[in-house]
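Written below as structure tokens is the structure these notes are about.
Quick note: the coordinates plus some simple rules give every number you see, no bench work behind them. Keep in mind that what you see is a predicted model, and the values were worked out from it rather than measured. Note that each Cβ is placed from the backbone with ideal geometry, even for glycine, and that neighbours are counted across all protein chains shown.
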Amino acid sequence: MLRIGLTGGIGAGKSTVARELERLGAVVIDADAVAREVVAPGTPGLAAVVAEFGEDVLTPDGALNRPALGRIVFSDPGARARLEALTHPRIAAETARRTAELPAGSVIVHDVPLLVENRLAGNYDLVVVVGADEEVRLVRLIRDRGMAREDALARIRAQADDDDRRAVADVWLDNSGTTEDLLAQVRELWEERVTPLREAGA
């Protein structure tokens, strides 16, 4: 079983890389998707978040109001740490459960936004980082996600910087250009790094 840690700052293009790796044959476990599941309506995770941050982080129908929670935690490192203490153990447990169900020989890609911040690089056979200039990422977040510039900048600045990411990267994928440029890098990664490691039984 080959474990790949995939990370990159918000707006860098991690999802595009994950989709291409999945197309090439990897099993992708998306930490963001798992994070949403562990705080879905009716879960102990959501109850814990509401107990910590109050009813204002709920929508009228009882789901987590992610923008409202984001405004709290991305402007306050202490609040973010409290949220992570509630959610990260649940995310880790669910990720471990899914991994244990996969057959031997699988290529598993853990799509983990906070891989660097949470010092998880040592858990993987290969760490792949998707990078893009800050201004490029800002434009994408404003254009594609409808975020205000201030909110987008707060999200970017709340994460690790590129120097920290480069320090743990086995492979750096530059996504400051076109999507096709990025996909070509992913295919090269698969052929030159992933396939040999899988064949060697990493």
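Brief remarks on what is shown
- Unit charges at the beta carbon, dipole of the chain: most positive-side option, L126, L102, I156: L102
- Exposure proxy ranking, count of Cβ atoms within 10 Å, fewest first, for R66, R82: R66, R82
- Residue order, fewest to most surrounding Cβ atoms within 10 angstrom, among V34, V39: V34, V39
- Helix content alone sets the calculated 222 nm mean residue ellipticity of the chain: runs of n ≥ 4 DSSP H residues at -39500 (n - 2.57) each, divided across all residues, give -15500 deg cm²/dmol.
- Using only alpha carbons, the chain has a radius of gyration to Kirkwood radius ratio (Rg to Rh) of 0.97.
- Simple point charges give the picture: +1 on the Cβ of Lys and Arg, -1 on the Cβ of Asp and Glu, and for the chain a dipole about the Cα centre of about 340 debye.
- Annotation for A33 and T59: the two label points, set 7 Å from Cα along the Cα-Cβ direction, are 1.9 nm apart.
- The ranking of D56, D162 from fewest to most other beta carbons within 10 Å of each one's beta carbon is D56, D162.
- Using a Förster distance of 22 Å, the FRET efficiency for E191-M1 (Cβ separation, nearest 0.05): 0.65
- When each of the peptides 2-13, 140-151, 120-131, 94-105 is scored by how many other beta carbons lie within 10 Å of its residues on average, the order from highest to lowest is 2-13, 120-131, 140-151, 94-105.
- A167/A100 FRET efficiency (R0 30 Å; Cβ-Cβ; nearest 0.05): 0.50
- Rg to Rh quotient for the range 74-119, alpha carbon positions, Kirkwood Rh: 1.09
- The slack between A68 and T178, meaning 0.36 nm per residue of separation minus the straight C-alpha distance, is 36.3 nm.
- Only beta bridges with both residues in the chain are counted; by DSSP, about 5 percent of them are antiparallel.
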